[in-house]
Amino acid sequence: MNDGVDTISFGPRHLYAANSLCGLFTDSLVNYDSKLADTAQLHTGGSLKFYFACTNGKPSGYVACDSLTTVETRSKAVDNFTIIQDYTIKCLDDKHLFVGVNGTNAYRNISTYTNSTVVTAKSKYVLNNLTVDICNKDILSGSATFTASGSTNNVTWSLTGTITFLGKHKADVVINNKTYHVNLITGVWS
């Protein structure tokens, strides 16, 4: 996106399309097994769907939907991790200095041990109208909501919150109704 999605070219254009990328769609499956050690097995499966969005016949962004599950089987536990991402990225200016981002990112983990211990964790971020300054690597505006929860043998925890991006590498983060001011470069909270 930094050089502009409309500068990408994949050879000759079709006569019926102003740009060969407009509407280009890919749907890839992942299905991979491996052995990590004598008794550890790993299976990864999922898909990636990706397409270019266009404005006035020119690529102006893309949509990516990614779902991946990894199951690791060991002698004393089975870990099941799932990540689901769904993003829309759009150029906001002709010089490709700013992009807009909307989407979700969700994570889930379930670990089951042979001693009957079960550990779960899940989180989800929803990105709302982020404006990203590509050159300065800064989120100028927009917000994100998040939830996270988990349990170990039925002892549970949870938190919710919002992130409001303020520009200049700063954000206000509200976690369970308490506000923190955060420097996104240093990670310092106040």
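Just so it is clear, none of the values below were taken in a lab; they were calculated from the coordinates. Given the structure is predicted, the values throughout are model-derived calculations rather than measurements. As a convention, Cβ positions derive from the backbone with ideal geometry for all residues, glycine included, and neighbour counts pool all protein chains shown.
Check Leu24: other-chain or 5+ apart residues with amide H under 5 Å from its amide H, H built from backbone geometry?
Amide H neighbours of Leu24: Phe52.
In region 5-161, with Lys and Arg counted as +1 and Asp and Glu as -1 at Cβ, which of these residues, Gly142, Thr156, Tyr125, has the Cα nearest the positive end of the dipole, that is, farthest along it?
Most positive-ward Cα: Thr156.
Can you put Phe81, Phe25 in order, fewest other beta carbons within 10 Å first?
Values: Phe81 16, Phe25 9.
In order of increasing Cβ crowding within 10 Å: Phe25, Phe81.
Using only the Cα atoms of the chain, each taken as one equal point scatterer with no solvent, compute I(q) by the Debye sum, divide by I(0), and report log10 of the ratio at q = 0.07, 0.09, 0.12, 0.16 Å⁻¹.
-0.30, -0.49, -0.81, -1.11
Lys58: which lysines have alpha carbons under 16 Å from its alpha carbon, excluding same-chain residues fewer than 8 sequence positions away?
Lys90, Lys95
What cysteines in the chain have no other cysteine with a beta carbon less than 4.7 Å from their beta carbon?
Cysteines of the chain left without a disulfide-compatible partner: Cys65, Cys91, Cys135.
Run the reach check for Lys35 against lysines, Cα to Cα strictly under 22 Å, same-chain hits fewer than 8 apart removed. What comes back?
Straight-line reach from Lys35, under 22 Å: Lys76.
Quote the FRET efficiency, to the nearest 0.05, computed for Ser116 versus Asn31 with a Förster distance R0 of 35 Å and r equal to the Cβ-Cβ distance.
Numbers: r = 31 Å, r/R0 = 0.87.
Efficiency computed from Cβ-Cβ geometry: 0.70.
Counting only residues 5 or more places away or on other chains, whose amide H sits under 5 Å from the amide H of Gly61 once H atoms are built in the peptide plane?
Ala53, Cys91
Which lysines have a Cα less than 18 Å from the Cα of Lys168, not counting those fewer than 8 places away in the same chain?
Those lysines meeting the cut-off are Lys137.
5 Å is the cut-off here: which amide hydrogens, built 1.01 Å from N in the peptide plane, fall below it relative to Leu184, excluding neighbours closer than 5 in sequence?
Under 5 Å from the amide H of Leu184: Lys170, Ala171.
For region 152-160, just list the computed ³J(HN,Hα) in residue order, Karplus coefficients 6.51, -1.76 and 1.60, θ = phi - 60°, integers in Hz, with x standing in for Gly and Pro.
Karplus values, whole Hz, x for Gly and Pro: 9, 6, 6, 8, 10, 9, 7, 8, 9.
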